[in-house]
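The structure under discussion appears below in the form of structure tokens.
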Amino acid sequence: MARHYSTKDFFRQMPNDLLARYFRKGNLFQDFDFATMKEGNPIALFDAWLLIPDGQRDIMDTEFREIFVMSCEKGFTAIIDEAGFQFKDNDFEVFVEKLSAFPNHYQRAMITFLDHNTCWKGATRFYHADTLPYWRKRKNFSQKPAAVDDASIKQLAQLISNYFHYTEGRGKNCVVEPYRRGELDYFFAYPEDYSQQSIEWVNGEFDCRPHNPAFEVIYVYSQSEGSLDLNFRGSYKAIEPLQGMFAEAILKLDKLPPDPKDTRVYDLAPLLQKSFDFTFTTGSGIEKVIVKKLRLSSRVKKGDRITLEADTTQKPDAVYTLLNQISKTLPMSMYNITQVELAASVVVDADKVAKMVTFRITYPNSCSLKYDEVGLKLRDMLEESGIEPKELIQEIKIAEA
């Protein structure tokens, strides 16, 4: 479930001394008595906040929203990852101990923003990448180090810009930001998107204002694996050219290495059985996993599909009741299961109720799970349950032996 932001609630969650530091850093509320304001009751502060001129308040509210987003477990992980690059060994250990001593993630995020701003931008980039689904992986790259010099970064930006400008009429400008995260190299590219016009309040006036947003292309390169993950929400035909640009500018390769066919497939057949049990460890935080939807594809006529979906809130096996009904009139041997939608109840915070995470698995090897903390736990669950993709070639060899 998405976390809801409001300025008043943000003030309520943040200790008074940190709010005082933030505002006084911007020369605001110098005479406001934060010491006598009751913790968790920022009514007087919120009233004063509403009197700040719109333009100045908008800038700060943007920062508050960013701090709020980073005030969670994933945000703290991203901060630590960026700090690991920014600080030397001893300084890093001191930094981690310092942040870990605070009682909650709101304070950790605000302290990082105020006192360690060199870690802030990279951490927000990592957090954002962790929330994105549908990454495309390409293997078979030689294990060359990524070039992160200015010339190589500008070359990648120019290649991306030229491609989108001449094929789609956008992307005239582009900037690329490189980051190091453990053993991985991240590259965040921001080409210029089509001009848009949005309805906004500008200086108290309700009006339409044109602007030029950016869209994003994110690369994650693993030198040790010789693999490249790409996240781009656009035309599929742009995937390989974007991979080729990275190979040319960052890896200094003459051409994009051939992509070995991914022979991994999800084994969805067991999910046709009502008796199938998902396997997960006690410490994973996973409480239960329910099948919400099944898609069956005909083996006889290409394109013919049957989708079964039911309300599982009261009856967890409702989908299987439907399946049993149609199996009386249709031979199930003529159909393969090609997509399943699952709902998993996962405890993320011991002090809060479990959250429901819904995701899809599509044959042969597509999964909508993210690569964040919860997503990785659920992928482990799929592997333990025997569903996670396996190499067909390897299975054939084992069978032959």
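Only one of the numbered conditions (1) touching a residue at least 60 places away in the same chain (Cβ under 8 Å); (2) loosely packed, with under 14 Cβ neighbours inside 10 Å is not met by Arg180, and that is (2).
Please go through segment 271-292 and give me each residue that is at pLDDT below 90 and assigned to a strand (DSSP E or B), ordered by number. Residues satisfying the conditions do not exist here.
Checking Tyr190, Tyr163 one by one, the residue that is surrounded by 14 or more Cβ atoms within 10 Å (Cβ to Cβ), modelled with pLDDT of 95 or more and outside the structural domain of Phe64 (by TED's automatic domain parsing) is Tyr190 and no other. For Ser142, indicate whether it is of a type outside the set (Lys, Arg), surrounded by fewer than 17 Cβ atoms within 10 Å (Cβ to Cβ), over 24 Å from the mean Cα position of the chain (by Cα) and closer than 30 Å to Gly26 by Cβ. Taking the combined requirement at face value, the residue does not satisfy it.
Filter segment 310-322 down to the residues that are surrounded by 13 or more Cβ atoms within 10 Å (Cβ to Cβ) and in contact with a helix residue (DSSP H, G or I) (Cβ under 7 Å, 6 or more places away or on another chain), then identify the one that is farthest from Gln339 (Cα to Cα). Show your work before the answer.
To start, the set of residues in segment 310-322 that are surrounded by 13 or more Cβ atoms within 10 Å (Cβ to Cβ) comprises 310, 312, 316-320, 322.
Checking which are in contact with a helix residue (DSSP H, G or I) (Cβ under 7 Å, 6 or more places away or on another chain) leaves us with 310, 312.
Numbers: Ala310: 15, Thr312: 17 Å.
Checking each candidate, the answer is Thr312.
Inspection of segment 369-384 identifies at least one residue that is over 22 Å from the mean Cα position of the chain (by Cα) and assigned to a helix (DSSP H, G or I).
For (1) within 23 Å of the chain's Cα centre (by Cα); (2) without any contact (Cβ under 8 Å) to a residue 12 or more places away in the chain; (3) surrounded by fewer than 18 Cβ atoms within 10 Å (Cβ to Cβ), each residue gets a yes or a no:
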{"residue": "Gly226", "(1), (2), (3)": "yes, no, yes"}
{"residue": "Arg233", "(1), (2), (3)": "yes, no, yes"}
{"residue": "Tyr236", "(1), (2), (3)": "yes, yes, yes"}
{"residue": "Glu248", "(1), (2), (3)": "no, no, yes"}
{"residue": "Pro258", "(1), (2), (3)": "no, no, yes"}
{"residue": "Ala269", "(1), (2), (3)": "no, no, yes"}
{"residue": "Phe278", "(1), (2), (3)": "no, no, no"}
{"residue": "Leu296", "(1), (2), (3)": "no, no, no"}
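His4 meets all of the listed conditions (1) buried (at least 16 other Cβ atoms within 10 Å of the Cβ); (2) over 23 Å from Asn117 (Cα atoms) but one, namely (1). In the set Val202, Val220, only one residue is at pLDDT 95 or above and either outside the structural domain of Trp120 (by TED's automatic domain parsing) or surrounded by fewer than 17 Cβ atoms within 10 Å (Cβ to Cβ) (or both); that residue is Val220. Applying the set (1) at pLDDT 90 or above; (2) part of a loop (DSSP other than H, G, I, E, B); (3) not assigned by TED's automatic domain parsing to the domain that holds Asn336 to Asp259 leaves exactly one unmet item: (1). Pick from segment 82-96 the residues that are modelled with pLDDT under 95 and not hydrophobic (A, V, I, L, M, F, W, C): which of them is farthest from the chain's Cα centre (by Cα)? Ranking the candidates gives Asn90 first.
The values are calculated or read from the model by the stated rules, or taken from the named source; none is laboratory data. Note that the structure is a prediction, hence the values are computed from the model and not measured. Every residue, glycine among them, receives a Cβ derived from its backbone with ideal geometry; neighbour counts consider all protein chains shown.
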